[in-house]
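What follows is calculated from the coordinates using simple rules that are stated; it is not laboratory data. Nothing here was measured: the structure is a model prediction, and the numbers come from that model. Cβ: placed from backbone, ideal geometry, glycine included. Neighbour counts: every protein chain shown.
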Amino acid sequence: MTLEKKYKSIFISDIHLGTRGCQADALCEFLKNYTSDNLFLVGDIFDGWRLTKRWYFPQSHANVVRRILTAAKQGTKVYYILGNHDEGLRPFLKYGIDIGRVRILNRYNYTAVNGKKYLVVHGDQFDVLMRKDKKWIMHIGDNLYDFMIMFNTYFNKVRKLFGLKYWSLSKWLKANAKQAVKFINRYEEYLSEYCENKGYDGIICGHIHNAEMRKIRNIEYMNDGDWVESATALLEHHDGKWELYFNDEKDTDNHGQSS
């Protein structure tokens, strides 16, 4: 039996409910075993871009929603920070609408156990490709990304038949393609510079599907990753320790970087 784990706060993002690449079953298992006082959904929880084109929402995806709403009902404070794939909800922010005890926000100023102040934001607002005049480029990239995820899904089914572990094409490309590495570094630097200028101690974000914890200048940069490629989360312990969770077959303890 897996023991229930209680944290101060858990941050997850880029679930992309409504797409075939979403690792909904793994996320449900995580939410069942990892509980917290605060649960932050840091954008792209639903994939509105996909759902408006073709409806796909199996029971496993509904189970994720139910698990989150149940947590809220049982006392967990749930904050839903909107991202670019669920941007359709942004016009309603001015009305202060909450859904089933879930607060809907564009960003959040979080004071951690260690007393430091963090900006919690999805991150698409800082992506130069998300400017309105270049948004079409982002949609083309999104379609290519969907193709990679579809390829990856079937490719890994074959690997599993041969007893091989999960392998992510998009993750490999990010690590090995110079332009991808350059983009990720620029994204991290830009967000950190913004937070430094605004007086924050750190930033907690998602958007680029790349879980990371590192110090940039004087800013603590923390990206909680995604639940499509990597199945990762950012955990804050009650003693103030920060930790990245990886749902990875290669890691027996499922834990990675910490600070």
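Taking only alpha carbon atoms, the stretch 15-92 gives an Rg to Rh ratio of 0.96, where Rh is the Kirkwood radius.
Quick one: Arg50, Arg67, fewest Cβ neighbours within 10 Å first, how do they rank? Don't jump to the answer; show the numbers that get you there.
Values: Arg50 20, Arg67 16.
Going from least to most buried by this count: Arg67, Arg50.
How much length, in nm to one decimal, is gained on full extension between Arg217 and Glu193, taken as 0.36 nm per residue of separation minus their Cα-Cα distance? List each step's numbers first, then the result.
On the way: separation 24, 0.36 × 24 = 8.64 nm, distance 0.81 nm.
Between Arg217 and Glu193, full extension yields 7.8 nm more.
Estimated from the Cβ-Cβ distance and a Förster radius of 30 angstrom, the FRET efficiency linking Asn63 and Leu164 is about 0.60.
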